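J.: Before we start, here is the structure in question, set down as structure tokens.
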Amino acid sequence: MRFTIGKKIFTGFLSAAVLLGAASGLSYYFMNKINDSYTDLINRRVTILTATKDIQVLALQQTNGLRGYLLTQSPEFINELETANEQLNVRIEQTGSLVTQPESKDSVQKLTSLNRQFKENYEQLLANYEKDRNQEEALNYFKTKVLPLGIQLGPLAKSIMDRQQQILNQGIQMNTEMVKQANEAAFLLSILAFILTLLIGFVITRHITGNLFKITKVMAGVTSNSGLRTRLPRIDVRTRDEIGEISYTFNEMAIALENYSTQEQEKSMLETNIAEMATMYQGIHDLNALAQLFITKITPMTGSSCGVFYIKQGSGDRQRLQRLAGYADNRQEIGFESFLFGEGLVGQCALENRTIMLSDIPEHYIQIVSGTGKASPSNLIIMPVEYEGQVVAVIELASFTKFSKAQQTLLQQVLNHAGITINSIAGRMQVERLLQESQALTEELQNQSEELRLQQEELRRINGQLEEQYKKSEQKTKELEITKMELEEKADQLALSSRYKSEFLANMSHELRTPLNSLLILSGLLAENADGNLRANQVKYAQTIHSSGNDLLHLINDILDLSKVESGKIEIVPDEISLTYICHFAELEFLQVAQQKGLKFTTELDAGLPPTICTDTHRLMQILRNLLANAFKFTEHGEVALRIHKADKEILSGYRGRIDLESAVAFSISDTGIGIPEEKLSLVFQAFQQEDGTTSRKYGGTGLGLSISRELAHLLDGFIEVSSDKGKGSTFTLLLPGIVGGQAAGTPIYNDEADAAHVEVTENEEKAPLLQLEDTAFAGKKILIVDDDMRNIFAITTALENKKMKVVFAENGREGIRVLQENPDIDLILMDIMLPEMDGYEAMRTIRQIPEFQSMPVIALTAKAMKDDKEKCMEAGASDYISKPVSLEQLFSLMQVWLYRQAGSYEQQTV
Ligand code: ADP
């Protein structure tokens, strides 16, 4: 256990305190004892003395009291007697309780019994006296029986008193003796405690100051020597207290200081060496000198005996380390002048950029030779010299002793500097070389810059010209913009005028058709010569008038068609149509023409085509009819053929866009006619263009047919191709997308003649084959004509009356309804649309609201100017419609259909 200074001092004081405590305790004990003794003496003995004294007095009082009573009979004496007797008992009892000595106890018992007897006797006496009052006898009794008892009490009490007095005196004497002894003991103990305390204090103080003195001495020894020494004194104190600790710590500190001092010395040595190495490079300009100087200095500085310096040369795969300088190296015996990277330890060190250290190298590895002998160093260090992480050199040092940490640090530091220096010297050498090269280049450059200056001047001149041109072109751009604006204005004007044109044409067509209507009907009637009263040449005139009127009608239709196509007013109504039916239609329409012109006409439908295609049937027919009509028109001999087939390869190769030709259907119309010269081929599709446009031409025509056909083909998402050989014939091919509608394969829509005929009726513009009409079918039928043009009314009435029909008429819608109501037996109404007051649409609507006329056949007559005429008529309640000018054949055909339709058919038709 550690016995610290604190504990030592505490122990000393504790011992002194214990001694003092013992002395005090002893004194206290004696004092207590003396005190007890005095208390006993005072409390008991004095009480006993007092009580015995009282007993003597009271015994006297008691006898006196009895005697006094007997002599005087005064009751006061009786009181005195009794009080004294009682008091006596009390005192005797008190004394009895306090005395301890046997003889005194006997005396107290005697006293007690004496006093009792005394009381018994005087009570007897008093009792007797009370009875007889015999004073004399009473006094006698008193003298003989009572008094002898009474006078014994006093001396008995006195004997007790004397004995107690004697004991009291002995006690006082004994106490005095005891006080004296106690004083002596206390004095002795105090002296002893004083001496012991002094002794302990002395021992502890000596112990502490002795060790402190030793420490002070050693420390003074340290500081009296200025500066640090290699060996510091140590304190030899091994106590297990604070001083021991101080000594231990001091010794530790001394060791640390010694180490520090050694390190400082090494450090300053290192710094000196590094500084020496650093200043060494000044004035060195080539690597050989640097290497030699470096190895010469560093080898002895690191305690080595031999050293070699390798420098990196070459680059890439040809990098190697070349020996530049050595220190005491034995070149004959060590064979390597250079190493590749990774070759030998030197190469490995460079490759890894890592120091390699070897100790305990074998004896024959290397030998250091001097004039007096040779020996093998046992330690080797190979270190890389690097610059920015790249090895630039390697040094190898050999030593007889181990390389210390300080030496390694020195090497490391010095090599860092060396790296920078090597790099800067190499750089400087490079710079010098480059400087020479650059001087040569500068001369070259001066020559070239002169040339450049000349070229620059040339460029400036060209630039000036360009700027001028740029200004001109800007002006042109402005002019162009103005022209463009003018053109846009013109285009707007054109669009406007084309709209005016279309509107004009529509109006014109209406205006022209109305007079044509009566002209055609009446000339037709004349040509029929039903009454047979016209001469042959008159019939011929009428026929000529009729056919001229027809030509005029065609012309009007063509012009109207073109203007509609151009203004985008033509609506395409796609439907499914059977390809077989198309062939059938062509034959039906053109076989007769072919026969008349003596030409062969064939139709052909290739295998592998869909049975139907989906397109606008009416427009398709219009195009084909046009192309076939041209073919017949321009062919004198040979044949005309219609072939429906898949698109040819040649067409495919020249085609760009619009339809998927793989599935396209081609309609080719070829003839062996006059053909079209190559240069005119592109012209024939333009409006009003003809191959022979001169006034002396052989073939008639307007030059509109092909342009209309081409536009219609476009509307059907197709196009028309032409190929021709002048004098040999032409082929016009219409290509349409081959979209097959629904599941229609093999089930053509128009698969019987009757249906086909019906379509042609509704296709009222066509000259389709008509039903064979029986005049008798119309006889007696009553027809209402509503029209504001009297010429028309006249013409149609004439035609109807020829068929034995009855005719009533009205000049506007309202009148028409009135006439209808007046003539409920009317079988059919022919309703013009453009009417004053109430037009045809409103009239039809009103008629349909009257229950009895809901199924009345109403055929609307339209000018066919607008594309939605038909829809409007059907919506307003027309059963059917026919366009002006009315072809009588068509009219009769249509009338026959509606007159013989079953009742309620209007609803069926419209559903
Ligand atoms: P039209 O026949 O009314 O003059 P088209 O537009 O139909 O007008 O034809 C324009 C021109 O193209 C014709 O005038 C004719 O010179 C030439 N042409 C059209 N089809 C043929 C054909 N099958 N053979 C020779 N020339 C044709």
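J.: Among 17, 22, which is under 30 Å from residue 209 (Cα atoms) and open to solvent by 50 Å² or more (accessible area, probe 1.4 Å)?
T.: On the way: 22 fails: under 30 Å from residue 209 (Cα atoms).
Selected residue: 17, the only one of 17, 22 that is under 30 Å from residue 209 (Cα atoms) and open to solvent by 50 Å² or more (accessible area, probe 1.4 Å).
J.: Exactly one condition in (1) open to solvent by 20 Å² or more (accessible area, probe 1.4 Å); (2) of a type outside the set (Gly, Ala, Ser); (3) without any contact (Cβ under 8 Å) to a residue 60 or more places away in the chain is not met by residue 844; state its number.
T.: (1)
J.: Looking at the range 273-290, is at least one residue β-branched (Val, Ile, Thr), touching a Leu at 6+ places or on another chain (Cβ under 9 Å) and over 26 Å from residue 402 (Cβ atoms)? Please lay out each step first, then the result.
T.: Keep residues of the range 273-290 that are β-branched (Val, Ile, Thr), which gives 274, 279, 284.
Restricting the remaining residues to those that are touching a Leu at 6+ places or on another chain (Cβ under 9 Å) gives 274, 284.
Still in the running and over 26 Å from residue 402 (Cβ atoms): 284.
Within the range 273-290 (the criterion being β-branched (Val, Ile, Thr), touching a Leu at 6+ places or on another chain (Cβ under 9 Å) and over 26 Å from residue 402 (Cβ atoms)), the answer is yes, since at least one residue qualifies.
J.: OK, next. Quick check: is even one residue across the range 422-429 at pLDDT 90 or above, aliphatic (A, V, I, L, M) and in a helix (DSSP H, G or I)?
T.: Applying the first criterion (at pLDDT 90 or above) to the range 422-429 yields none.
No, every residue in the range 422-429 fails to be at pLDDT 90 or above, aliphatic (A, V, I, L, M) and in a helix (DSSP H, G or I).
J.: Name every residue in the range 103-139 that is polar (S, T, N, Q) and closer than 22 Å to residue 88 by Cβ, in order of residue number. So that I can check it myself, show each step before the final result.
T.: Step one: of the range 103-139, the residues polar (S, T, N, Q) are 104, 107, 109, 112-113, 115, 117, 121, 124, 128, 134-135.
Within the range 103-139, 104, 107, 109, 112, 113, 115, 117, 121, 124 meet the criteria.
J.: May I pose another question? Of the residues in the range 397-421, how many are among the hydroxyl-bearing types (Ser, Thr, Tyr) and outside any loop (DSSP other than H, G, I, E, B)?
T.: Going through the range 397-421, the residues among the hydroxyl-bearing types (Ser, Thr, Tyr) turn out to be 399, 401, 404, 409, 421.
Within this subset, residues satisfying the condition of being outside any loop (DSSP other than H, G, I, E, B) are 399, 409, 421.
Total meeting the criteria: 3.
J.: Continuing with this model, one more query. Being away from the ligand (no atom under 11 Å from the Cβ) and either at pLDDT 85 or above or under 22 Å from residue 586 (Cα atoms) (or both) is the filter here, so list the residues in the range 662-703 that pass it.
T.: Once the filter is applied, which keeps residues that are away from the ligand (no atom under 11 Å from the Cβ) and either at pLDDT 85 or above or under 22 Å from residue 586 (Cα atoms) (or both), the range 662-703 yields 664, 665, 666, 667, 668, 678, 679.
J.: Now, a different point. Here is a check on your reading of the model: is residue 198 over 30 Å from residue 101 (Cα atoms) and among the hydrophobic types (A, V, I, L, M, F, W, C)?
T.: Working: over 30 Å from residue 101 (Cα atoms): yes; among the hydrophobic types (A, V, I, L, M, F, W, C): yes.
The answer is yes for residue 198.
J.: Oh, and also: Residues being assigned to a strand (DSSP E or B) and among the basic types (Lys, Arg): count how many of those fall in the range 719-734.
T.: First, the residues of the range 719-734 that are assigned to a strand (DSSP E or B): 719-725, 729-734.
Okay, now just the ones that are also among the basic types (Lys, Arg), so none.
The number of residues fulfilling the criteria is 0.
J.: Scan the range 291-326 residue by residue and report those that are of a type in the set (Ser, Thr, Tyr), free of Cβ contacts under 8 Å to residues at least 60 places away in the same chain and within 20 Å of residue 413 (Cα to Cα).
T.: Keep residues of the range 291-326 that are of a type in the set (Ser, Thr, Tyr), which gives 296, 299, 302, 304-305, 310, 315.
So of that shortlist, the ones also free of Cβ contacts under 8 Å to residues at least 60 places away in the same chain come out as 296, 315.
Within the range 291-326, just 296 meets the criteria.
J.: Residue under question is residue 809, and the condition is that it be touching a Leu at 6+ places or on another chain (Cβ under 8 Å), within 21 Å of residue 780 (Cβ to Cβ), aromatic (Phe, Trp, Tyr) and open to solvent by 60 Å² or more (accessible area, probe 1.4 Å); does it hold? Don't jump to the end; show me each part of the working.
T.: Numbers: touching a Leu at 6+ places or on another chain (Cβ under 8 Å): yes; within 21 Å of residue 780 (Cβ to Cβ): yes; aromatic (Phe, Trp, Tyr): yes; open to solvent by 60 Å² or more (accessible area, probe 1.4 Å): yes.
So residue 809 fits the description; yes.
J.: Mind counting the residues in the range 626-638 that are within 17 Å of residue 711 (Cα to Cα) and away from the ligand (no atom under 11 Å from the Cβ)?
T.: The number of residues fulfilling the criteria is 0.
J.: Right, next: Do we have any residue at all in the range 616-628 that's aliphatic (A, V, I, L, M), in contact (Cβ under 8 Å) with a residue 12 or more places away in the chain, open to solvent by 50 Å² or more (accessible area, probe 1.4 Å) and touching a strand residue (DSSP E or B) at 6+ places or on another chain (Cβ under 9 Å)? Working first, answer last.
T.: If we filter the range 616-628 for residues that are aliphatic (A, V, I, L, M), which is where we start, we get 620-621, 623-624, 627-628.
Among the residues that remain, those that are also in contact (Cβ under 8 Å) with a residue 12 or more places away in the chain are: 620-621, 623-624, 627-628.
Applying the additional criterion that residues be open to solvent by 50 Å² or more (accessible area, probe 1.4 Å) yields none.
Within the range 616-628, none of the residues are aliphatic (A, V, I, L, M), in contact (Cβ under 8 Å) with a residue 12 or more places away in the chain, open to solvent by 50 Å² or more (accessible area, probe 1.4 Å) and touching a strand residue (DSSP E or B) at 6+ places or on another chain (Cβ under 9 Å).
J.: Give the residue that is surrounded by the most Cβ atoms within 10 Å (Cβ to Cβ), with candidates limited to residues of the range 213-268 that are in a helix (DSSP H, G or I) and at pLDDT below 80. Quick ask: steps written out before the conclusion?
T.: If we filter the range 213-268 for residues that are in a helix (DSSP H, G or I), which is where we start, we get 213-224, 242-268.
Next, from what is left, pick out any that are at pLDDT below 80: 221-224.
Working: 221: 12, 222: 15, 223: 7, 224: 7.
That would be 222.
J.: Cβ contacts < 7 Å: first residue under 20 Å from residue 380 (Cα atoms) and open to solvent by 10 Å² or more (accessible area, probe 1.4 Å), restricted to the range 405-427; second residue modelled with pLDDT of 85 or more and not aliphatic (A, V, I, L, M), any location; separation 6+ or different chain. Result?
T.: 407/302; 407/303
The values are calculated or read from the model by the stated rules, or taken from the named source; none is laboratory data. Predicted model only: the values in this text are computed from it and were never measured. Neighbour counts run over all protein chains shown; Cβ positions are idealised from the backbone, glycine included. With ligands, DNA and RNA removed, areas are computed over all heavy atoms of the protein, side chains included. Shrake-Rupley method; radii C 1.70, N 1.55, O 1.52, S 1.80 Å.
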